[in-house]
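The values are calculated or read from the model by the stated rules, or taken from the named source; none is laboratory data. Worth saying up front: this structure is predicted, and the values here are computed from it rather than measured. Glycine gets a Cβ as well: all are built from the backbone with ideal geometry, and neighbour counts include every protein chain shown. The protein model used for the area step is the full one, side chains on, heavy atoms only, and it has no ligands, DNA or RNA in it. Shrake-Rupley method; radii C 1.70, N 1.55, O 1.52, S 1.80 Å.
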Amino acid sequence: MFIDIHTHTIRLYDERQRAICRWTDPEELLSMWDELGIARGVVLPLVHHEIGEILQTNENVLDIYNQYPDRIIPFCNFDVRYWYNSSETDFSKALEHYKSLGCKGVGEYVSNVPWDDPRSLNLLGHIEAAELPVLFHVASADRGMYGLVDELGLPKLEHVLKVFPKLQFIGHSMAFWSAISGDANEANWMGYPTGPVTEGGALPRLMRQYDNLWADISAGSGNNGITRDFDFGCKFMEEFQDRVLFGTDICQCPQKVEQVETMNRALAEGKISQEAYEKITHLNAEKLLGV
Ligand SMILES: [Zn+2]
């Protein structure tokens, strides 16, 4: 069984919205899941201006969840600039509200500010207090991209992992997965580096050191991180089998999704254990999200 930790779909308001954006509609997402053998999954609200042509409310995701409660696991989402762009905004009421309506986490967190911006630290503290996990995307700059700004080697991510030890961080994006290898450098860490993984990557080190860090294998970045050096990728999944999560990052229809095949191949070739396979494909998500 597969549970998808990472998708995007919008119930568009009308044709005026469709004219400027091409996100999957909920029925397209469900039919793509059916074809891939995915039972259910998380929908991440698109609330940040950085990420696309139109914004999506938490209510839009909850409406989709209410229509398909057996298949959709809703997250809620916030921007650090929510409510007066302050580092003292109290997110607790909103977090408890959306939690009471069924939201199981926060994300995709992509505010394009440094991890340690006081507004980001404020939001992360509130998410930790609400006991929800946060799924994030990493950027290398605060212009021309989306995601939390970090540096090569992910020192700012390490800082927040330390400051918020009870907050479960679910990592995703090119900058996150390129750190699987010690050869990540200024030229390739925001891309899809290929070839053998070398020792010394920041990602394995952080996974070993911080048990509140999880790895989401969705998107081209996650699949590339695992498959660029398949033996290493499978060893990574085996070692961190309690904190790796299956995901797709379905955004559009059609879209090439390789993660099901990657997981099945890893199992069929005996490169990961049955136990690790079950955890990564669905048991970890069930445990982390309480679903
Ligand atoms: Zn995404």
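Summary of computed values
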| quantity | calculated |
| --- | --- |
| Boolean, Ser178 is open to solvent by less than 50 Å² (accessible area, probe 1.4 Å), out of contact with any Pro (no Cβ under 8 Å at 6 or more places or on another chain) and part of a helix (DSSP H, G or I) | no |
| Positions within the stretch 254-291 being open to solvent by 60 Å² or more (accessible area, probe 1.4 Å) and outside any loop (DSSP other than H, G, I, E, B), in sequence order | Glu261, Asn264, Arg265, Ala268, Gln274, Glu275, Leu283, Lys287 |
| In the stretch 18-50, the residues that are buried (at least 21 other Cβ atoms within 10 Å of the Cβ), within 15 Å of the ligand (Cβ to nearest atom) and either within 16 Å of the chain's Cα centre (by Cα) or of a type in the set (A, V, I, L, M, F, W, C) (or both) | Trp23, Leu29, Met32, Gly41, Val42, Val43, Leu44, Pro45, Leu46, Val47, His48 |
| Subset of the stretch 188-230 [of a type in the set (S, T, N, Q), away from the ligand (no atom under 16 Å from the Cβ) and assigned to a loop (DSSP other than H, G, I, E, B)] | Asn188, Thr194, Thr198, Asn212 |
| So Trp83, is it surrounded by fewer than 15 Cβ atoms within 10 Å (Cβ to Cβ) and among the hydrophobic types (A, V, I, L, M, F, W, C) | yes |
| Hey, Met1 within 16 Å of the ligand (Cβ to nearest atom), over 29 Å from Gly144 (Cβ atoms) and either buried (at least 21 other Cβ atoms within 10 Å of the Cβ) or of a type in the set (A, V, I, L, M) (or both) or not | no |
| Search result, residues across the stretch 155-175 that are buried (at least 21 other Cβ atoms within 10 Å of the Cβ) and over 15 Å from Asn212 (Cα atoms) | Ser173, Met174, Ala175 |
| Positions within the stretch 4-16 being more than 16 Å from the ligand (Cβ to nearest atom) and within 25 Å of the chain's Cα centre (by Cα), in sequence order | Arg11, Leu12 |
| Qualifying positions in the stretch 123-175 - among the hydroxyl-bearing types (Ser, Thr, Tyr) and either assigned to a strand (DSSP E or B) or farther than 19 Å from Leu245 by Cα (or both) | Ser140, Tyr146 |
